[in-house]
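Novice: Following this message is one structure expressed as structure tokens.
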Amino acid sequence: MTGMGEVKLNDLYQEVILDHNRRPRNFRKPEGATHYSHGRNPLCGDDYHLYLKVDGSGKIESVGFEGSGCAISKSSASMMTSFIEGKPVKDAEALKNQFLRFLTRDPVSEDTRAAVGRLKIFEGVRQFPVRVKCATLIWHALEDALADAGRKKGQVSTEGEGK
Ligand code: ZN
């Protein structure tokens with residue numbers, strides 16, 4: 001267990017986050033990836049490579065990530081990949097927008113709260129700006145990877161993201 005000490009999350013939520021941290025889903029590089037981004041959060045040391053394979057109809061056929069970082073960044077990545085796999089790119093983008101809004105806007109609208117579903121477990125990090133960067137890192141990488149389909153080497157950093 002690393003880096004969770006200062007975050008007082010509800011026990012149940014913390015358990016979900018720790019489970020994803022211990023056994024991250026889609027922790028691999030998928031074959032034939034069409035989209036890629038490298039996400040870094042220098043403030044914490046989170047560093048991930050995100051790969052997507054998008055088919056001709058705009059569906060995310062497979063998604064995976066590699067790298068290392070704290071429990072919050074890794075569990076966020078694990079949950080993100082399990083939510084978007086098999087979904088159309090536009091649904092993944094909509095969820096990404098709602099999740100970023102959920103963690104960075106104040107107050108959070110009921111629509112946004114409903115849209116993020118189980119990702120609500122990250123609500124506790126809202127009060128820790130450094131942790132917000134951990135939780136949003138992989139979503140910024142998703143945004144970057146999808147932003148330019150032609151470019152395979154993206155790089156994104158949450159270092160300058162403010163609340
Ligand atoms: Zn982190």
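Novice: What aspartates and glutamates sit close enough to LYS133 to cross-link, taking a C-alpha to C-alpha distance under 17 Å and skipping anything fewer than 8 places away on the same chain?
Specialist: Excluding near neighbours in sequence, the set is GLU6, ASP46, ASP47, ASP106, GLU123, GLU143, ASP144, GLU159, GLU161.
Novice: A further question on this structure: Sorted by mean Cβ packing within 10 Å, highest first, what order do the peptides 22-31, 41-50 take?
Specialist: Ranking the peptides 22-31, 41-50 by packing returns 41-50, 22-31.
Novice: From the helices alone, meaning DSSP H stretches of at least four residues, give me the mean residue ellipticity at 222 nm for the chain, per-run term -39500 (n - 2.57), in deg cm²/dmol to the nearest 500.
Specialist: The helix contribution divided over the chain gives -13500 deg cm²/dmol.
Novice: Would you mind calculating the relative contact order of segment 24-163 from Cα pairs under 8 angstrom and at least 6 residues apart, reporting the percent as a whole number?
Specialist: After rounding, I find 32 percent.
Novice: Over the chain, with every protein chain in place, what whole percent of the accessible area is carbon and sulfur at 1.4 Å, could you tell me?
Specialist: Numbers: 3770 of 7820 Å².
Ligands and nucleic acids excluded, carbon and sulfur give 48 percent.
Novice: So what is the accessible area of the chain per residue, in Å², with the probe set to 1.4 Å?
Specialist: It amounts to 48 Å² per residue over the chain.
Novice: Another question, if that's okay. State, to one decimal in nm, how far the label point of ARG28 lies from the label point of LYS90, with both points 7 Å from Cα in the Cβ direction.
Specialist: Rounded to a tenth, the inter-label distance reads 3.1 nm.
Novice: From largest to smallest, what semi-axes in whole angstrom does segment 4-156 give when each is the square root of 5 times an eigenvalue of its alpha carbon gyration tensor?
Specialist: Computed over segment 4-156, the values are 24, 17, 14 Å.
Novice: What nm distance separates the two modelled labels at SER109 and VAL16, each placed 7 Å from Cα along Cα→Cβ?
Specialist: 2.3
Novice: Rounded to the nearest 0.05, what FRET efficiency is calculated for VAL130 and GLU66 with R0 set to 30 Å and r the Cβ-Cβ distance?
Specialist: 0.85
Novice: At what distance in nm do the modelled label points of GLU159 and ASP55 sit from each other, each positioned 7 Å from its Cα along Cα→Cβ?
Specialist: 4.0
Novice: Got a sec to turn the phi values of segment 54-70 into Karplus ³J(HN,Hα) couplings, 6.51 cos²θ - 1.76 cosθ + 1.60 with θ = phi - 60°, whole Hz, x for Gly and Pro?
Specialist: 9, 8, x, 8, x, 9, 7, 6, 8, 8, x, 9, 9, x, 8, x, 6
The values are calculated or read from the model by the stated rules, or taken from the named source; none is laboratory data. Everything numeric in this text was worked out from a predicted model, so none of it was measured. As a convention, Cβ positions derive from the backbone with ideal geometry for all residues, glycine included, and neighbour counts pool all protein chains shown. These accessible areas exclude ligands, DNA and RNA; they are computed on the full protein's heavy atoms, side chains included. Shrake-Rupley method; radii C 1.70, N 1.55, O 1.52, S 1.80 Å.
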